[in-house]
1. Out of the residues in segment 194-213 that are modelled with pLDDT of 65 or more and loosely packed, with under 14 Cβ neighbours inside 10 Å, state the one that is nearest to the chain's Cα centre (by Cα).
2. For segment 284-336, which positions are charged (D, E, K, R) and farther than 25 Å from P121 by Cβ?
3. Which one is farthest from A110 (Cα to Cα), of the residues in segment 156-192 that are assigned to a loop (DSSP other than H, G, I, E, B) and of a type in the set (A, V, I, L, M, F, W, C)?
4. Here is a check on your reading of the model: is L278 within 16 Å of V165 (Cβ to Cβ) and more than 14 Å from the chain's Cα centre (by Cα)?
5. For segment 137-156, what are the residues that are over 25 Å from L94 (Cα atoms) and of a type in the set (S, T, Y)?
Amino acid sequence: MIPPTDTAAPAAAAPTTRRRGTGAGSTVGLAGLLIVILLGQPYLAGLFTSAALQTWSTVFVAVCVQALPFLVLGVLVSGAIAVFVPPAFFARALPGNPLAAVPVAGVAGALLPGCECGSVPVASGLMARGVAPAAALAFLLSAPAINPVVVVATAVAFPGHPEMVVARFVASLAAAVVVGWIWARVGRADWMASPRRPDVSGMGRIEAFRVTFSHDFLQAGGFLVVGGLAAATLNVLVPQRVLNSVAQHQWLAVGALALLAVLLAICSEADAFVAASLGQFSLTARLAFLVVGPMVDVKLISLQAGTFGRRFAVRFAPLTFVVAVAAAVLVGGWLL
């Protein structure tokens with residue numbers, strides 16, 4: 001006779017298998033939707049006849065197309081870190097004290113040319129290799145805002161205003177470091193879900209890299225679609241006349257452009273040209289747009305929630321927003 005415990009074990013394991021399959025299926029479905037929309041754009045365009053729907057579809061595709069190459073770059077870097085870089089490297093490269101590691105990681109963000117979408121999987125890979133969460137988060141915030149591509153784009157968008165380039169670099173780095181320090185002090189482990197990593201034990205390095213890349217891309221790609229949908233919808237709903245009216249009030253203008261940066265979700269390599277076109281606003285208000293956008297926007301919040309959990313996103317996004325606006329106002333008042 002078979003013991004009762006032998007028949008009970010499969011029944012207990014079945015729900016876990018179904019839950020995993022459901023999560024993987026939803027992620028693959030979202031990523032597949034992104035690919036279908038990007039490839040079928042010429043055919044889908046005819047379905048959107050009204051001006052609002054045409055604007056919505058244009059913004060959605062633009063957000064996804066802008067972000068996708070940098071998302072791939074970030075996932076490639078994340079996979080390389082997870083597979084090819086030994087954990088001892090980070091122990092030597094970063095100070096052991098998280099408070100000291102935060103500014104080092106923030107400055108290191110200047111080395112990765114990419115946008116905010118790519119920085120999320122990289123930060124996840126750093127944490128998986130033992131980097132303190134506060135330091136990895138400082139890198140996540142600084143990388144899309146102070147890398148060489150963004151610096152050059154800002155200089156081109158604001159000719160004759162070199163102080164704008166300096167102000168963006170200083171304010172963005174300061175905000176990233178301050179947020180990292182605050183998280184090191186008040187952040188709790190149970191606020192952040194551990195990034196789910198595939199089991200690559202026993203695999204060769206190339207196979208482990210392929211599995212890690214596929215896992216991270218499907219997960220992040222699905223949440224990029226969700227963020228792109230939200231950004232496109234909010235972009236259409238923000239009336240232009242509202243922007244013109246609030247530009248007349250200095251402090252209201254700062255808050256309005258900071259909020260607009262969250263809603264529009266423009267890639268950090270392109271946002272300087274949008275800020276330059278908002279000539280009715282002060283330089284300080286436009287600086288707030290440039291500092292907040294790469295750190296807090298709807299697609300980035302979606303990516304962070306998908307990677308680190310909702311409990312993390314609902315705390316980290318408001319903290320980052322407040323610190324980024326404060327840094328922009330202080331640095332703008334000093335340099336602009």
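The values are calculated or read from the model by the stated rules, or taken from the named source; none is laboratory data. No experiment lies behind these values; they were computed from the predicted model shown. Neighbour counts run over all protein chains shown; Cβ positions are idealised from the backbone, glycine included.
1. Here the answer is S194.
2. So the first thing to find is which residues in segment 284-336 are charged (D, E, K, R), and the list is 286, 297, 299, 310-311, 315.
The one that is charged (D, E, K, R) and farther than 25 Å from P121 by Cβ: R286.
3. M192
4. Taking the combined requirement at face value, the residue does not satisfy it.
5. Result: T154, single match.
Let's see how each residue does on (1) of a type outside the set (D, E, K, R); (2) closer than 22 Å to A138 by Cα; (3) modelled with pLDDT under 90; (4) buried (at least 24 other Cβ atoms within 10 Å of the Cβ):
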site	(1), (2), (3), (4)
L278	yes, no, yes, no
L283	yes, no, no, no
L287	yes, yes, no, yes
L300	yes, yes, yes, yes
A313	yes, yes, no, no
V325	yes, yes, no, no
L330	yes, yes, no, no
W334	yes, no, no, no
